[in-house]
Amino acid sequence: MSRRTAVQIAVYGIVCLAILLVPTFYDDAFVLNKYSRYLVLGILAIALSLSWGYTGILNLGQATSFGLGSYCMAMGLKLRTVPVHTGSAGLPDFMVWNNVDKLPWFWEPFNSMTFAIFAGIAVPVIFAVLLGWFIFRGRVTGVYVAIITLAVLVVVNLLIIDQQRFTGGFNGITDLAQLEIFGLTFDAYGSSSYYLIAVSLTFSLFFALAITKSKAGLILQAIRDQENRVRYFGYDVATFKMFSFAVSAGIAGLAGMLYTIVMEFASPTFLGVPLSLAIVIWCAVGGRQSLLGAMLGAIVVTGMQGALSESETFLDTWTLIMGFLFVVVVLFLPKGLAGAAEMLLDRIWPSAGNGNGRANKSTSRNTLPRKTEPAE
Amino acid sequence: MTVKRRTFLKGTVAAGAFAATGFPHIWIKDSSLARAAEGEIKVGVLFSLTGTTAIVEESLNKATVMAIEEINDQGGINGMKIVPVIEDPASDPATFAEKARKLVLGDKCVSVFGSYTSASRKAVLPVFEKRNNLYFYPTLYEGRECSKNVIYTGAVPNQQQDEFVPWLVEKFGKRWSLIGSNYIYPKEENNYCKKLLAGLGAEVVNEEYVPLGHSEFSSVINKFQSDKPDVIFSTVVGDSVVALHRQYRADGLDPEKMPMASLTTSENEVAAMGGDAAAGHFTSAPYFMVWDSPENVKFVDAYRKRWGADKVTHFVSEPCYFQVHLFKQAVEKLAPSDITPPNIREAIKGEEMIAPQGKVRIEKKNLHTWLWPKIGVAKSDGQFEILKQSADWLEPVPYKAYENQDCTEEGLKES
């Protein structure tokens, strides 16, 4: 067990280190900016892997937390812009356009960047706790969780588009200042932002890993596999689920903030259904029961989308090719790329595979209770 | 010791990146050499080929590509070919931003032609402003923007409304109802419209906004029936236009008595809703497909020959076409080593040409375009009949509704 964990930590560490070393090889603004974007989406996939892969909560509204985080950061940065389009009043340009003459009360605290960064994580977490309270205390499970989270996403999205006086509506919040912390400016095209994101990714990955390795993490996985049995053991299933749901929202909120820095705007499409469903696809492709797999899944899929749609040959067919690949993965690699990698490792090097095969272990975890189920 | 060296290296890399972004002149001078080196001029073409706005944007992509091909067939620009880099931003602002970065930073294009929606223009703007590149934007839009990195070849509110609104008031009456999609473009157009109406002594009986993509207009139409406005001023966009017109007709309202006057209904929308639903309603735009001029006949013929006989040209695809030609005229004036976005901007100021709609000119001050507004009435065959053209071309004034603000070469000035 401990050896397995050690190998896992080593693998995770090597991947993170490799990510951190990228800027020393590529000093190109475009490449760094592009990779930064993929890494942010990787963080987002880690968040979903934690709630879906490890706790069994299929959150189709993961983009809600992502978008809320993104808007918090955008609000903070917007108030720091030199108001080129507005003059000296200091009001964000879109408010002036919508005939708002005073900064709304909930925008006021965002004058402090510290608050904005704090809010970028706290707002999604509080929102998730409230939502989780209703869902999990009400013992809503399975497909209904997916439906509720998706519906909430749509509601929040519509609200943001509709309240354009306060949110910039359909166009989102654009024309932002660059983030400055402790005198360091994070330029979206520089290695500074890349390092910020790579460090956040490492932190999120190991934080999530620590949770899954803790006792609480074990209970979460037990809930995923046999919720009722955990409940009979006397654990408060709803609280554990809310915990996982909220941590996942916090990580997604962090990813949202970083996304605003990389993209230099916040848009209602960041809380769109297409993005939210894409996260599920990334996790499915990468392997939802592996944090690293989900993260790499996001990076590989979005990277491929970028590369395919950029190549002249596939300009007309790239969506088709992506769709075909998804179908193939779901049909033939139900545990995603991470599962496939482990299977391969098992074949080549059986002893090591037995030692650190996460897929093996979770399979046995999955199948054991099922085997005994009829006996109960 | 090694650790120190590594931190030092990282620091230098970071500092280098800062220096590069901090002094755009150095940055651009460096890459400009690569730009003109092989006798090719790289430009980006950024219109969605997939996703929700793909139908319209595909026609913009086609008009742009056709113009580039025309120029290359005639020998290019001073012997250099224009090489278009076509990207598909998939109707998604984030993808727009990513692709714009690829075109500007990765491909080192000297200019990019792109965008239909304001949201996508706003999403790509940061990279053009920070890298001092040039974006050619063909769509009519709400004005109130003064970027020195965008060439705006579509109409702004004053160009579409200055002739249109007084004409409608005189012809139909002074009770107006305003209906629009709920975002910034309709609100800004209506702000300006209300200003004009106030000057004409007309009144607004109702002003309403529906969500984007809205398709259920029965309550809106009930309101029309009870208010009985003389004119319905519509800035509804996209699929909603189709739904609004169809329901208007299904409920038996009469365009003779209560016409809809639109700034956004083009041949494209009419084709989608069917000519019968559109017939009798008015549109103001600088270009209609039926406009009778030798340049337009040539444009429409070439377009149909290149892309199919059933294709329509409209008031966004026409600017797509002429803006590439204006780009050509500007670049022609430059030596190969001087072909950089800032130089192209300076060269295109005041540049003129006979476009399909008439003679157009890029205004030096605000990089918007002098255009020829026309008023058309839709007919059941899917085309418009042009009732009136303005006597003279109209100056673009992106801040017309805001007297204390003016867009100048130095940026936005407030008095």
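The values are calculated or read from the model by the stated rules, or taken from the named source; none is laboratory data. The structure displayed is predicted, hence computed values, not measured ones. No Cβ is skipped: glycine too gets one built from the backbone with ideal geometry, and neighbour counts run over all protein chains shown. Note: accessible area is taken over every heavy atom of the protein model, side chains too, but ligands, DNA and RNA are not part of it. Shrake-Rupley method; radii C 1.70, N 1.55, O 1.52, S 1.80 Å.
Please pick out the residue among B:Glu189, B:Glu208 that is closer than 29 Å to B:Ser390 by Cα and within 14 Å of chain A (Cβ to nearest Cβ).
When all the criteria are applied, what remains is B:Glu189.
Scan B:Ala279, B:Ala285, B:Ala250, B:Ala272 and give me the residue that is small (Gly, Ala, Ser), surrounded by fewer than 23 Cβ atoms within 10 Å (Cβ to Cβ) and within 23 Å of B:Ala54 (Cα to Cα).
B:Ala272
Out of all the residues in segment B:121-143, which are closer than 26 Å to B:Asn268 by Cα and in contact (Cβ under 8 Å) with a residue 40 or more places away in the chain?
Residues satisfying the conditions are B:Val124, B:Phe136, B:Pro138, B:Thr139, B:Leu140, B:Tyr141, B:Glu142, B:Gly143.
Does segment B:373-392 contain at least one residue that is farther than 24 Å from B:Ala277 by Cα, open to solvent by less than 10 Å² (accessible area, probe 1.4 Å) and touching a Cys at 6+ places or on another chain (Cβ under 9 Å)?
No; the residues of segment B:373-392 include none that is farther than 24 Å from B:Ala277 by Cα, open to solvent by less than 10 Å² (accessible area, probe 1.4 Å) and touching a Cys at 6+ places or on another chain (Cβ under 9 Å).
Find all pairs meeting these conditions: Cβ atoms under 6 angstrom apart; at least six residues apart or on different chains; first residue within segment A:154-178 and of a type in the set (Gly, Ala, Ser); second residue open to solvent by 40 Å² or more (accessible area, probe 1.4 Å).
Close Cβ pairs (under 6 Å, with a partner that is open to solvent by 40 Å² or more (accessible area, probe 1.4 Å)) amount to A:Ala177/A:Arg80.
For segment B:361-370, check the following and say yes or no: at least one residue is more than 14 Å from chain A (Cβ to nearest Cβ), part of a loop (DSSP other than H, G, I, E, B), open to solvent by less than 10 Å² (accessible area, probe 1.4 Å) and touching a Lys or Arg at 6+ places or on another chain (Cβ under 8 Å).
yes
State the number of residues belonging to segment B:99-122 that are at pLDDT 90 or above, facing chain A (nearest Cβ under 7 Å) and more than 15 Å from B:Asn149 (Cβ to Cβ).
Looking only at that region, the number is 1.
For residues in segment A:248-284 being of a type in the set (Ser, Thr, Tyr) and within 18 Å of A:Leu176 (Cα to Cα), which is surrounded by the fewest Cβ atoms within 10 Å (Cβ to Cβ)?
In this case the residue turns out to be A:Thr269.
Going residue by residue through segment B:66-74, is there one that turns out to be modelled with pLDDT of 90 or more, of a type in the set (D, E, K, R) and open to solvent by less than 10 Å² (accessible area, probe 1.4 Å)?
No: segment B:66-74 contains no residue that is modelled with pLDDT of 90 or more, of a type in the set (D, E, K, R) and open to solvent by less than 10 Å² (accessible area, probe 1.4 Å).
Being within 17 Å of B:Ala279 (Cα to Cα) and open to solvent by less than 60 Å² (accessible area, probe 1.4 Å): is that true of B:Thr235 here?
no
Taking interchain pairs and intrachain pairs at least six residues apart, which have beta carbon atoms under 9 angstrom, with the first residue in segment A:326-347 and over 15 Å from A:Cys283 (Cβ atoms) and the second assigned to a helix (DSSP H, G or I) and open to solvent by 80 Å² or more (accessible area, probe 1.4 Å)?
Taking only residues 6 or more apart or on different chains, the pairs are A:Asp346/A:Asn354.
Suppose the filter is open to solvent by 40 Å² or more (accessible area, probe 1.4 Å) and either assigned to a helix (DSSP H, G or I) or touching a Pro at 6+ places or on another chain (Cβ under 6 Å) (or both); does A:Phe127 pass it?
So A:Phe127 fits the description; yes.
Here's the yes/no breakdown for (1) at pLDDT 90 or above; (2) of a type in the set (A, V, I, L, M, F, W, C); (3) open to solvent by less than 30 Å² (accessible area, probe 1.4 Å); (4) under 15 Å from the mean Cα position of the chain (by Cα):
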site	(1), (2), (3), (4)
A:Ala18	yes, yes, no, no
A:Asp27	no, no, no, no
A:Ile46	yes, yes, yes, yes
A:Asn59	yes, no, yes, yes
A:Ser70	yes, no, yes, yes
A:Arg80	no, no, no, no
A:Gly90	no, no, no, no
A:Asp93	no, no, yes, no
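Can you tell me which residue in segment B:75-117 is surrounded by the fewest Cβ atoms within 10 Å (Cβ to Cβ), limited to those that are farther than 23 Å from B:Asn132 by Cβ and among the charged types (D, E, K, R)?
My answer is B:Lys81.
Determine whether segment A:178-192 contains at least one residue that is in a helix (DSSP H, G or I) and open to solvent by 10 Å² or more (accessible area, probe 1.4 Å).
Checking segment A:178-192: at least one residue is in a helix (DSSP H, G or I) and open to solvent by 10 Å² or more (accessible area, probe 1.4 Å).
Considering only segment B:143-175, state which residues are open to solvent by 10 Å² or more (accessible area, probe 1.4 Å) and in contact with a Ser or Thr (Cβ under 6 Å, 6 or more places away or on another chain).
B:Glu163
Which residues, taken from segment B:77-117, are over 22 Å from the mean Cα position of the chain (by Cα) and polar (S, T, N, Q)?
B:Asn78
Does at least one position in segment A:304-321 carry a residue that is away from every other protein chain (no Cβ under 13 Å), at pLDDT below 90 and buried (at least 20 other Cβ atoms within 10 Å of the Cβ)?
There is no residue in segment A:304-321 that is away from every other protein chain (no Cβ under 13 Å), at pLDDT below 90 and buried (at least 20 other Cβ atoms within 10 Å of the Cβ).
What do you reckon, is B:Asp310 in the same structural domain as B:Phe136 (by TED's automatic domain parsing), among the acidic types (Asp, Glu), exposed (fewer than 15 other Cβ atoms within 10 Å of the Cβ) and in a loop (DSSP other than H, G, I, E, B)?
yes
Given B:Leu140, B:Leu125, B:Leu178, which one is open to solvent by 10 Å² or more (accessible area, probe 1.4 Å) and away from chain A (no Cβ under 11 Å)?
B:Leu140
With the checklist (1) within 14 Å of chain B (Cβ to nearest Cβ); (2) more than 27 Å from A:Asp93 (Cβ to Cβ); (3) not polar (S, T, N, Q) in hand, flag the one item A:Phe170 doesn't pass.
In the conditions (1) within 14 Å of chain B (Cβ to nearest Cβ); (2) more than 27 Å from A:Asp93 (Cβ to Cβ); (3) not polar (S, T, N, Q), A:Phe170 misses (2) alone.
In segment A:149-172, which residues are open to solvent by less than 60 Å² (accessible area, probe 1.4 Å) and over 19 Å from A:Pro274 (Cβ atoms)?
A:Gln164, A:Phe166, A:Thr167, A:Gly168
Conditions tested, residue by residue: (1) within 14 Å of chain B (Cβ to nearest Cβ); (2) modelled with pLDDT of 95 or more; (3) under 24 Å from A:Met113 (Cα atoms); (4) out of contact with any strand residue (DSSP E or B) (no Cβ under 6 Å at 6 or more places or on another chain).
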{"site": "A:Thr174", "(1), (2), (3), (4)": "yes, no, yes, yes"}
{"site": "A:Glu180", "(1), (2), (3), (4)": "yes, no, yes, yes"}
{"site": "A:Leu184", "(1), (2), (3), (4)": "yes, no, yes, yes"}
{"site": "A:Ala188", "(1), (2), (3), (4)": "yes, no, yes, yes"}
{"site": "A:Ser191", "(1), (2), (3), (4)": "yes, no, yes, yes"}
{"site": "A:Leu201", "(1), (2), (3), (4)": "no, yes, yes, yes"}
{"site": "A:Asn228", "(1), (2), (3), (4)": "no, no, no, yes"}
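Select, from A:Thr24, A:Thr81, A:Thr55, the only residue that is in a helix (DSSP H, G or I) and either more than 11 Å from chain B (Cβ to nearest Cβ) or farther than 21 Å from A:Ala122 by Cα (or both).
Step by step, each of A:Thr24, A:Thr81, A:Thr55 is checked, and only A:Thr24 is in a helix (DSSP H, G or I) and either more than 11 Å from chain B (Cβ to nearest Cβ) or farther than 21 Å from A:Ala122 by Cα (or both).
Looking only at residues in segment B:44-95 that are hydrophobic (A, V, I, L, M, F, W, C) and at the interface with another protein chain (Cβ under 10 Å from one of its Cβ atoms), which one is nearest to B:Arg304 (Cα to Cα)?
B:Leu49
When the residues of segment A:30-44 are filtered to those that are within 14 Å of chain B (Cβ to nearest Cβ) and among the β-branched types (Val, Ile, Thr), which remaining residue is surrounded by the fewest Cβ atoms within 10 Å (Cβ to Cβ)?
Of everything passing the filter in segment A:30-44, A:Val31 is surrounded by the fewest Cβ atoms within 10 Å (Cβ to Cβ).
Counting only residues that are farther than 23 Å from A:Leu131 by Cα and not hydrophobic (A, V, I, L, M, F, W, C), which one in segment A:197-247 is most open to solvent (accessible area, probe 1.4 Å)?
Checked segment A:197-247; the qualifying residue most open to solvent (accessible area, probe 1.4 Å) is A:Tyr232.
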